[in-house]
Amino acid sequence: MRKVFKIRFLYIFMFVLFFSTTIIDYVNAVSNSSANTYKILTDTSEPFTILSGEYIKIIGSKGGNTINVESGAKVECIHFVGANIININESSSNFTVYRSGATVYLQSTLGTKIKLPATLTAQTLNFTDTTFKLQIKSGKVMLGDEVVTTQPKDISSGNSNITYQVVDTAQTKCYSDLAEITCPLSGTSFYGQDSQNKGNTPSYKDNGDGTITDNVTGLMWQKSADINNDGLINADDKMTYSEAVDGANSLNLAGYTDWRLPTIKELYSLIVFSGLDVSGYEGDDESTLVPFIDTNYFDFGYGDESAGERIIDAQYASSTLYVSTTMKGSATMFGVNFADGRIKGYGIDPMPGQTNGKTFYVKYVRGTSNYGVNSFNNNGNGTITDKSTGLMWSQDDSGEALTWEDGLAWVQQKNSEKYLGYNDWRLPNAKELQTIVDYTRSPDTTLSAAIDPMFKVSSIINEAGKADYPFYWTSTTHAASTNHSNSALISSGGYAAYIAFGRGLGYMNGSWLDVHGAGCQRSDPKAGDPSDYPTGHGPQGDAIRIYNYVRCVRNEVK
């Protein structure tokens, strides 16, 4: 038997929370979709969960109810009176609240409670332990018997205007300098590594039209690198750098024509370190491999061995050119290899005897152009805040090169000393550290490290005997697939990712050269003797240092 509820006065607010992008919008709109279920709440109702895909309208409440909402669920709360709590379990849940003189509390998994009073007067919102931005859009909103016309206005709390959301690496395992281990406790060896510090969980939406929306960054991506639409991702889909740039201008996908080749910071936002490096992989079964991108959403292909490529040749192009050159004067583009989990500089000019430059896979993007743009503030106390990410950095680095284990311990020691007034410093993960790379700088063009000059950077003498700047450890282990020629080290998690703020040196043709550029992300053994690698490692002879520098980070805005 269907019950009809007649509501004389409906005070309309629409509250849509995109937790991953942490933007709150009040909009005068009503959903026209049909709900699966109508539910009446009383002050004695038991807590309940709205599952992914469900759409439930909750009618009436005296308060004191707890509602758990999973990712992908939708709930509309009508006449939702009293201090209720909604637990936002994941990032893509949507909420619409119609309320009558009530106060509604929304609580996220981070513990943030947002008090939203329905009044005719100006509202003050206090944000406790995470970052949100309130936007009141222009339009008509009903408040009681009055219709109020609002104008565009932002109400932010402190440093809440986060424009550069850092997506977490998705690394969940802990490692020693050789093997996977049980995650260590505070004060013990190897504490403070990547998986022990959670950030913005990667979250995507498949739009069903060949595009994927990143719920954290707000960017929309091309789902597949199958550019020629033949159902395969192979060498036929690859483009030179100039072709990749031009291709964006002619792309009409899902009705959008404003696609662009992503910057290196946009492209790197997609990397996940749940992947396994295929460097040196000796098998031919790709089904056993794990790329550094979420294949639940993005179509992916390794290198095309039938076309003479290596399985590792899954380099994706970005629009970011190196301001210097690599090898012996080659114009260079930074790209992300989702097969081996690295950023490298790749020469874009034709090789001797060839007419075309190196080719790459392409994944176009659209959306805000502010992503990846830093907003640094020197706090005058030895710390620098990036207002765009909400991260606070130590202005100084460690001043000495350390092993990975010692780097983690160095940060713990600084916390025990309450370094610069704080005791919650950590070794940054790979994606956090990459946010502060300044790709407009390099040792050969600006005579500086690839970082804003308000940061202090130690000077070193590199393998070529030249003045240079360090590699910096991240807390991220760079794990690999099995069946490597040196599997005893790499496959057990013996390497960690670093960012080169100086030249990305390699030993080629009898000399040390900048082969991958300042700003590349590669990996070093966590322990050992650098003298065991007199000519580097790998096809480009990547310099192996093992002892790298450290810079601390903490969340200024939680």
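The values are calculated or read from the model by the stated rules, or taken from the named source; none is laboratory data. It should be emphasised that the depicted structure is a prediction, and the values quoted were computed from it without experimental measurement. Using ideal geometry, Cβ is built from the backbone for each residue, glycine included, and neighbour counts are taken over all protein chains shown. In case anyone asks, the SASA skips ligands and DNA or RNA and just uses the protein heavy atoms, side chains included. Shrake-Rupley method; radii C 1.70, N 1.55, O 1.52, S 1.80 Å.
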Within region 235-243, identify whether any single residue is aromatic (Phe, Trp, Tyr), at pLDDT 95 or above, open to solvent by 30 Å² or more (accessible area, probe 1.4 Å) and within 30 Å of Gly347 (Cα to Cα), and answer yes or no. yes
Checking the structure you have, find out if any residue of region 513-526 is of a type in the set (Asp, Glu) and surrounded by 22 or more Cβ atoms within 10 Å (Cβ to Cβ). yes
Matching residues in region 292-315 - criterion: being surrounded by fewer than 19 Cβ atoms within 10 Å (Cβ to Cβ) and of a type in the set (Gly, Ala, Ser): Ser306, Ala307, Gly308
Counting only residues that are of a type in the set (Gly, Ala, Ser) and touching a residue at least 24 places away in the same chain (Cβ under 8 Å), region 410-466 contains a total of 7
Only one of (1) assigned to a loop (DSSP other than H, G, I, E, B); (2) under 18 Å from Tyr316 (Cβ atoms); (3) over 26 Å from the mean Cα position of the chain (by Cα) does not apply to Ser242, and that is (1)
Restrict the check to region 278-290 and report whether at least one residue is modelled with pLDDT of 95 or more and within 22 Å of Asp214 (Cα to Cα). no
Picked from region 320-352 (must be part of a loop (DSSP other than H, G, I, E, B) and either basic (Lys, Arg) or under 29 Å from Lys223 (Cβ atoms) (or both)), the residue most open to solvent (accessible area, probe 1.4 Å) is Lys328
Pull out all pairs, ordered by first then second residue, where Cβ-Cβ is under 7 Å, the residues are six or more apart or on different chains, the first lies in region 287-310 and is under 15 Å from Ser224 (Cα atoms), and the second is assigned to a loop (DSSP other than H, G, I, E, B) and among the hydroxyl-bearing types (Ser, Thr, Tyr). Asp299/Ser224
Of everything in region 248-280, what is part of a helix (DSSP H, G or I), more than 26 Å from Arg310 (Cα to Cα) and open to solvent by 10 Å² or more (accessible area, probe 1.4 Å)? Give them in sequence order. Asn249, Ser250
When region 416-445 is examined, which residues are found to be part of a loop (DSSP other than H, G, I, E, B) and within 14 Å of the chain's Cα centre (by Cα)? Pro428, Asn429, Thr435, Ile436
